[in-house]
Amino acid sequence: MDNVTSLQVPLNRVEGDLEVRIEIEDGVVRDAWCAGTMYRGFERIMVGRGALDGLVITPRVCGICTTGHLTAAARALDMVAGVDVPPAATRVRNLALMTEHLQSDVRHYALLFAADFTNPAHAGHPLYEEALARYQPLKGATVAQVLGESARVLEIVAILGGQWPHSSYMVPGGIATIFSQADLLQCSLALRRYRQWYERRVLGCSLERWAEVDSPQALETWLEAEAHRQGDLGFFLRFAGQAGLDRLGSWPGGFLSYGALDLPADSTAAGASDQQKIIAAGFLSPGEKTREFDQARVREEVACSWFRDYAGGRHPFFGETQPYAVGSEGRKYSWAKAPRYDDQPAETGPLAEMLIGGHKLLTGLVAEKGVSVFTRELARLIRPAMLLPVMELWLSEMAEDQLLYRSPGEIGNGEGFGLTHASRGALGHWLRLEDGLIASYQIITPTAWNASPRDDQGRRGPLEQALIGTPAPDQDNLVQVGHVVRSFDPCLVCTVHAWRAGDRASSVHGRVAI
């Protein structure tokens, strides 16, 4: 193994506070640790506050998935109050959350992930010059378009919810905003513009044509058309194959989906199987059929987390968030807890949603070549194609005089949980109220699942495991490590860098928002 005293490789274009430490042997990653390095304490901030305070505070957990947190907080209070949300309010909640997915998915691909295609390590790739033209930071043609179009589509959230980010218009029983027919028309126009851009720039074809691509073989046929090849999706497929992205970032474990986007009772939209949801719930283990999801099987462990120990895992209703850290002590190395489902680590996100939902193309690709950076990023890039038709339908079903709120009455004592899917995957809020005040509040984010530290049995989380076996031929430029980390779209906002100390290990450092 080469002796290197110190090196740094920028791994910016991520959100939050993460440290990823890797051990490299013979030019290959042999072990990895993901550490959340910032303690934020939102769950402790919530204790003792009024029941509705979470609607204002929790959307500030993240400025990227703010609507996801508001949705989870509102759903938890709906459960405590025992109130049924009117169908029109369900549409508005869903439309806002789906809009957040639309902007996040294309921003992640063009601004965070595909920028690595312009790394000098790929200079020998036959599509390198085209990658520069599309994705060079601040200069690429796709970069400029994504910045503009993703900002414009967020007008839908601002119209329906008053502002973005950090909206607070969802309340127990529905929503607290009103809108006119002109507002709905403006939302429809914004969505239509986004669809036209997405079809033209990203897909290179209509949504209807893309819906016909239902197998790996159909994907190969689709890619033969020049218009399809010139779209950003076509470019990703062409670049990824020659760059070997289908051989990076394997995850041999389970996939988790809480399910999301409930069908309004009066809607003509078709949901996932018989679940009355657009995003199906379930847990999928390798070689098994998808199992029914049960939130009672969720546990969090702290054996390697900087919190006071408790035996085994605890369900969030009984969870504790007692910070405890003294330097670099022992086996504890992260402010993230280790979520587990049925005692197993699990990956969540767009790929998990599509595999559990039975998406034919992704299921076929994973069956042929396994889980990889390629399938993970492809799922995110094509998710808008699944969401846009449903959003158009729900907007067409809206009217300005529909019921948007049912009074929940006084909210006093009780337990509730709000499960949904933020842009990066399964998001859950669990709370307990006593005398109208919050006695306990626990949040499990998608990045907590994906960037989980080891549990009390020493099992790695998905991102840690996916890094094992990653080639690292040039320790001055760990671009393959960056591909794997960014394929999970971890919610990070600070610069990540690589450094080496001693003669056996290299480390990639950064920060992750938990």
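Of the options GLY173, ALA141, GLN103, report the single residue whose Cα projects farthest towards the positive end of the charge dipole of region 97-209 (beta-carbon charges: Lys, Arg +1; Asp, Glu -1). Sorting the options by dipole projection puts first ALA141.
Just going by the charge dipole of region 154-253, with Lys and Arg at +1 and Asp and Glu at -1 on Cβ, which of LEU237, GLN186, ALA211 is farthest out on the positive end? Positive-end residue among those listed: GLN186. When the Cα atoms of region 179-296 are aligned to their principal axes, the ranges along those axes come out at 47, 43, 22 Å in descending order. Listed by Cβ neighbour count within 10 Å, with the fewest neighbours leading, THR268, THR90, THR420 appear as THR268, THR90, THR420.
List the trypsin sites (Lys or Arg not before Pro) in region 212-294 that DSSP assigns to loop (not H, G, I, E or B) and whose Cβ has at most 10 other Cβ atoms within 10 Å. Which are they? Qualifying residues, ordered by number: LYS289. Counting pairs of Cα atoms in region 292-392, how many percent are more than 20 Å apart? Tail of the P(r) past 20 Å holds 56 percent of the pairs.
The trypsin sites (Lys or Arg not before Pro) of region 75-161 that meet both conditions, a loop assignment by DSSP and at most 15 other Cβ atoms within 10 Å of the site Cβ, are LYS139. Given region 195-248, report the % of alpha carbon pairs whose separation exceeds 19 Å. Cα-Cα pairs of region 195-248 separated by over 19 Å account for 25 percent.
Less than 12 Å Cβ to Cβ from GLU130, Lys/Arg counted +1 and Asp/Glu -1: what total charge do the surrounding residues give?
With Lys, Arg at +1 and Asp, Glu at -1, the net is +1.
The Kirkwood radius of region 74-192, taken over pairs of alpha-carbon atoms, gives through the Stokes-Einstein law at 25 °C and 0.890 mPa s a diffusion coefficient of 149 µm² s⁻¹. Computed from point charges on the beta carbon alone (+1 for Lys and Arg, -1 for Asp and Glu), the dipole magnitude for the chain about its Cα centre is near 580 Debye. Put a plus charge on the Cβ of each Lys and Arg, a minus charge on the Cβ of each Asp and Glu, and nothing anywhere else: the dipole of region 217-375 about its Cα centre is then about 440 debye. Spatially close Lys pairs in the chain, defined by Cα atoms under 22 Å apart and a spacing of eight or more places or different chains, total 5.
The alpha carbons of region 27-140 occupy a box of 60, 37, 25 Å along the principal axes, longest dimension given first.
Based on Cα contacts under 8 Å between residues 6+ apart, region 337-395 shows a relative contact order of 30 percent.
Exposed loop sites here mean GluC sites (Glu not before Pro) with a DSSP loop assignment and at most 14 other beta-carbon atoms within 10 Å; the chain contains its longest site-free run at 1-211. Based on DSSP H segments of at least four residues, each scored -39500 (n - 2.57), the chain has a per-residue ellipticity at 222 nm of -10500 deg cm²/dmol. If you take the Cα centroid of region 315-368 and the Cα centroid of region 29-88, the two points sit 17 Å apart. What the phi angles of region 434-447 give under the Karplus curve with 6.51, -1.76 and 1.60, with θ = phi - 60°, is a coupling list of 9, 6, x, 10, 6, 8, 7, 8, 10, 10, 10, 8, x, 5 Hz, glycine and proline written as x. Exposure proxy shown here: for ASP489, ASP26, the number of other Cβ atoms within 10 Å sets the order, fewest to most, as ASP26, ASP489.
For GLU25, the residues whose amide H sits under 5 Å from its own are ARG30, ignoring neighbours fewer than 5 places away on the same chain, with H placed 1.01 Å from N. Stokes-Einstein diffusion of region 348-485 at 25 °C, 0.890 mPa s viscosity, Kirkwood radius from Cα pairs, rounded to a whole number: 130 µm²/s.
Note: relative contact order over the chain, using C-alpha pairs below 8 Å and six or more positions apart, is 31 percent. Helices of the chain meeting both criteria, an alpha-carbon length of 15 angstrom or more along the long axis and an average Kyte-Doolittle score not below 0.0, with helices taken as full DSSP H segments, are 66-81, 141-153, 232-243, 373-396.
Assuming R0 = 30 Å, can you tell me the calculated FRET efficiency for the pair ASP435 and GLN163, based on Cβ-Cβ distance, to the nearest 0.05? Please report the intermediate quantities before stating the final value.
Working: r = 32 Å, r/R0 = 1.06.
Efficiency at R0 = 30 Å is approximately 0.40.
Given +1 at the Cβ of Lys and Arg, -1 at the Cβ of Asp and Glu and no other charges, the dipole of region 219-299 around its Cα centre is 380 debye to the nearest 20. From least to most packed, judged by other beta carbons within 10 angstrom and beginning with the fewest, PHE318, PHE374 follow the order PHE318, PHE374. Between the residues GLY364, ASN119, ILE411, the greatest Cα displacement towards the positive end of the dipole of the chain, with unit charges on the Cβ of Lys, Arg, Asp and Glu, is found for ASN119.
Here, each number is a calculation from the coordinates, and none is a lab measurement. Please read these numbers as outputs of a predicted model, since none were measured by experiment. Virtual Cβ from ideal backbone geometry, glycine too; neighbours counted across all protein chains shown.
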